[in-house]
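The values are calculated or read from the model by the stated rules, or taken from the named source; none is laboratory data. Only a predicted model underlies this, so the values are computations on that prediction, with no experimental measurement involved. Note that each Cβ is placed from the backbone with ideal geometry, even for glycine, and that neighbours are counted across all protein chains shown. To get the accessible areas, we keep the full protein, side chains included, count just its heavy atoms, and leave off ligands, DNA and RNA. Shrake-Rupley method; radii C 1.70, N 1.55, O 1.52, S 1.80 Å.
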Amino acid sequence: MIEIKNLTVTVNNKKILDKLNLTVGNGEIHAIMGPNGSGKSTLGQVIAGKDGYEVASGSIKLEGKNLLSLTPEERSLAGIFLGFQYPIEIPGVNNAYLLKAALNAQRVSRNEKEIDAFDFMTLIKDKMKLMQIPETFLSRSVNEGFSGGEKKRNEILQMLILQPKLCILDETDSGLDVDALKVVSSGIKSISNNKRSIILITHYERLLKLVEPDFVHVLSDGKIVKSGNKDLAHELDAKGYDWVK
Amino acid sequence: MTLNYIENIFKEEANKNIPLENIKNIKQKAINNFLDQGFPTRKNEKWKYTDLGFLNNRKFIFNPATTEDFTRNELKELNEKVHSKKFGVMLLDGKLTYSNLPKDINVQNISENSTFANNLDLDKIINKIDDHSLTSLNSALSPEILHFNIPKNKNINDPIYFYIASSGINNYCQQPRMILNCEENSVVNLIFRYVSLKNESAWTNSVLQVNQRENSICKLLRIQEQKLNHIHTDSINAQLEKNTSIKIINIDLGGNLVRNNTKVNLNDSESKCNIFAAFLSGANQHIDYHIDVNHNAKNTSSSQEIRGIANYKGVGVIDSKVRVDQNINKATANQSINNLLLSKESEIYTKPELEIYSDDVSCSHGATIGELDDDLLFYLQSRGIDKKQAQSILVNAFINKIINMIDFPSIREYLTDSFSTLLSK
């Protein structure tokens, strides 16, 4: 699905990612863990195409296609989805509008007709139910005045609607109580299949108990310093990061 | 256009077209006032960002010889539009050409109706508002002074549409003049649409006066969409008596050089005004809002929410002043001005001002100038929305705060589309 080779990324001449290599196969779930400031969020944002990062060397390929030459919207349309660590509030733009605009951007890029209001509602109804999001939320501004949990559930809802090929979830579990974590993980599990790949960026094992990863990587100082299976997450939870750095 | 030129035009007009002696006197005062001051220039603090000195070098016609051909397509279309409204009024080149008003509302041309004019304190009604030279020019040379009377206890729910059109005669200066008298307990909803029918370079210098008697409510929406080589100067002057309220919404999308003066005097207790405004100043446009709210009585309140956008080489100005006089207690005033720069070359000047001479008041003001937030853009782009559309979504969100204040869904939709279209150009 995605192949990252020798990726070095700097911000204001400071190296954030250092010759990073990561390959995620179709249908695989990878967890990326690591101490604060290790470069986890940068990795997610560089894959999604955020400005402000200098890619000094290396490549990112999605199904063989060079992602680095694409704009963020082109990457999204190619199948990348980034669930934000801090979902952004957009006053004045309501949720239904954003969801529809995003969905239609995808449909137009596939030469399909834009979705009408009725089909749209049919499409999102079950997904909203799964994410325990009430209908009134559709007319509210995107993330404005949402609780931390609501913001994260909203990110997952967007993901369910856009059906991406690669889901990168940046600390989607942080700030969630036990119940919200269950809702979020059931959303992730509902979309997981043998074609779709998922990268979970997280600090905690608790999400990984609900959504079991195939691989766990430890990112430290911009490099993957250790990889293993889900047992590694358990070990990290118990022992911290010092022993792997 | 030297002041001499304008003085001569006035003399000609006074001899030929102003039959009533008292009107002639009023107009004479007005022209004197204009000639004393000349066109406003930067030297005047209130015109710091908008210098009209260049008008001295342009020559405008004030009373064209040609008459309008109503079979012309643009005019025909506009006529149909006005006729399709339940209540509609049309002014073409400053003259009333059509009116379909609710029952009991009448319109009089003060300049021609001597009985009517004699019963009015013309000096107070007309010259008193000449606080800058352009209103004086309008008082002196407007072809018709139209007086609309909303009678006591009259409550009109349906809006009255005023189409104020410049026919587009080259170098013509149209000077619409309207006086709206809202009597006790009346409620009225007005929509003013300024349009120009042709691309020819022309000038609209309009004055609208609103006089509100006790317990009256006035809602006023002004939409200016004149052609991009049009000069548009206009003044709204509202005088509020006890327990009255006015809501003014100004939207400016057109015009090359635009100056809107909105002045509200809260003259008695429990009077209040809410002013909303939004403009988009695009390539080579210059749009200037000058607002004055005067709290002249206790227990008065005012609020302002203004949003300006400048794109390409567009210039925007928002200069707004709230004044609370001495011994005016329990006045509340809020000013919020937010601006958005969409290009490196665009410029915004903004000046919120509170001038307070009383202690027991509650006033606040704030102003911002910013760019579109990159993080917001990235968020939308990361959902597959292309950058241009993402920008348009965010600008619409910015402007919706004002658009949403409009009571009529079809106009809200129309304006949202208009802003989007202009932004995608």
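For chain B, how big is the tail of P(r) above 30 Å, as a whole percent of Cα pairs? Please report the intermediate quantities before stating the final value.
Numbers: 37611 of 90100 pairs.
Above the 30 Å cut-off, chain B has 42 percent of its Cα pairs.
Ignore the peptide's own chain and count Cβ atoms of other chains within 10 Å of each Cβ in A:88-96; give me the average, rounded.
Values: counts 8, 2, 7, 6, 11, 9, 2, 0, 0.
Whole-number average of other-chain Cβ neighbours for A:88-96 is 5.
Would you list, by chain and number, the lysines whose Cα falls below 30 Å from the Cα of B:K43, excluding same-chain residues fewer than 8 positions away?
By straight Cα distance, B:K43 reaches B:K11, B:K27, B:K29, B:K59, B:K124, B:K128, B:K227, B:K263, B:K313, B:K321, B:K344, B:K351.
Along the charge dipole of the stretch A:93-245, Cβ charges K/R +1 and D/E -1, which of A:G148, A:I133, A:I161 sits furthest on the positive end?
Sorting the options by dipole projection puts first A:I161.
If B:M1, B:M405 are ordered by their accessible area, calculated over protein heavy atoms with a 1.4 Å probe, which sequence runs from highest to lowest?
B:M405, B:M1
Give the span of chain A's Cα atoms along each principal axis, as three whole-Å numbers ordered largest to smallest.
So the three principal-axis extents are 53, 40, 35 Å.
By accessible area of protein heavy atoms, probe 1.4 Å, what ranking do B:E184, A:E135 get, highest first?
Working: B:E184 65, A:E135 110 Å².
I get A:E135, B:E184, largest accessible area first.
Pairs of Cα atoms under 8 Å, at least six residues apart: use those to get the relative contact order of chain A, whole percent. Show your work: numbers first, answer last.
On the way: 448 pairs, mean separation 69.9, N = 245.
After rounding, I find 29 percent.
If the elastic network links every pair of Cα atoms under 10 Å, which of B:G38, B:G255, B:G94 fluctuates the most in the Gaussian network model of chain B?
With Cα springs under 10 Å in chain B, the top fluctuation among B:G38, B:G255, B:G94 is at B:G38.
Would you check the accessible area of A:Y97, probe 1.4 Å, heavy atoms only, in square angstrom rounded to 10?
120
Treating only the Cβ atoms of Lys and Arg (+1) and Asp and Glu (-1) as charged, compute the dipole magnitude of chain A about its Cα centre; round to the nearest 20 debye. If you can, show how the numbers build up before the last one.
On the way: 32 positive and 31 negative charges, 82 e Å.
Rounded to the nearest 20 debye, it is 400 debye.
When a/c is below 1.5 the answer is rounded, else prolate if a/b is larger than b/c, else oblate, so apply that to the stretch A:3-87 with a ≥ b ≥ c taken from the square roots of the Cα gyration tensor eigenvalues. Don't skip to the answer; put the middle values down first.
Details: a/c = 1.29, a/b = 1.19, b/c = 1.08.
Rounded.
Rounded if a/c is under 1.5, else prolate if a/b beats b/c, else oblate: with a ≥ b ≥ c from the C-alpha gyration tensor eigenvalues square-rooted, which is the stretch B:110-182? Numbers along the way, then the final one.
Working: a/c = 1.95, a/b = 1.21, b/c = 1.61.
Here the stretch B:110-182 falls in the oblate category.
Would you work out which of A:S38, A:N194, A:P87 lies farthest towards the positive end of the dipole of chain A? Charges go on Cβ: Lys and Arg +1, Asp and Glu -1.
A:N194
Please list, or write none, the lysines whose alpha carbon is within less than 25 Å of the alpha carbon of A:K230, excluding same-chain residues fewer than 8 places away.
Straight-line reach from A:K230, under 25 Å: A:K5, A:K19, A:K40, A:K152, A:K165, A:K182, A:K189, A:K195, A:K209, A:K239, A:K245.
Please give the solvent-accessible surface of B:S364 in Å², to the nearest 10, using a probe radius of 1.4 Å with every protein chain present.
Solvent-accessible area, nearest 10 Å²: 50 Å².
Any idea what Rg and Dmax come out to for the protein assembly as shown if you just take the C-alpha atoms, in Å?
Rg and Dmax of the protein assembly as shown, Cα atoms, are 31.2, 101 Å.
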